[in-house]
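Colleague: Structure in structure tokens, see below.
Here, each number is a calculation from the coordinates, and none is a lab measurement. Just so it is clear, the structure is predicted and the values come from calculations on it, not from any experiment.
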Amino acid sequence: FFIGFMDLFAYAAGLTKVRFWFFILIHIAVHAIPASLYVVFGDLLVSGNWWLMIGAALAGGALALVGAWRFQVDLLRGN
């Protein structure tokens, strides 16, 4: 879901005065993070190391829940 936002920003960048080389460097740097996560999870799927994959999925889910909780706390505080 969130990976599509980067493509949206790529299309919108054409409507701005951002220099091409600056945009491409930032875009590649930001795209590298999810792409590397896709590679890691794909490797875990192919390697058959199910315990490590389940652990990574649980850790990612826990991080997402902590992030959502902190976001909710900030909203309630009015920040």
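Colleague: Between R70 and L37, what length in nm is gained on full extension when 0.36 nm per residue of separation is reduced by their alpha carbon distance?
Modeller: That works out to 9.6 nm of additional length.
Colleague: Could I ask something else about it? What are the ³J(HN,Hα) values, in whole Hz, obtained from phi via the Karplus relation 6.51 cos²θ - 1.76 cosθ + 1.60 with θ = phi - 60°, for each residue of region 12-21 in sequence order, with x given for Gly and Pro?
Modeller: 5, 5, x, 8, 10, 9, 5, 5, 4, 5
Colleague: Out of these labelled values of Kirkwood radius over Cα pairs in Å, (1) 14.2; (2) 16.7; (3) 15.5, which was calculated from the coordinates shown here?
Modeller: It is the one labelled (3).
Colleague: So what J values fall out for region 42-52 if you push phi through Karplus, 6.51 cos²θ - 1.76 cosθ + 1.60 with θ = phi - 60°, rounded to Hz, Gly and Pro as x?
Modeller: 3J(HN,Hα) across region 42-52, in whole Hz: x, 5, 5, 5, 6, 6, x, 7, 5, 5, 5.
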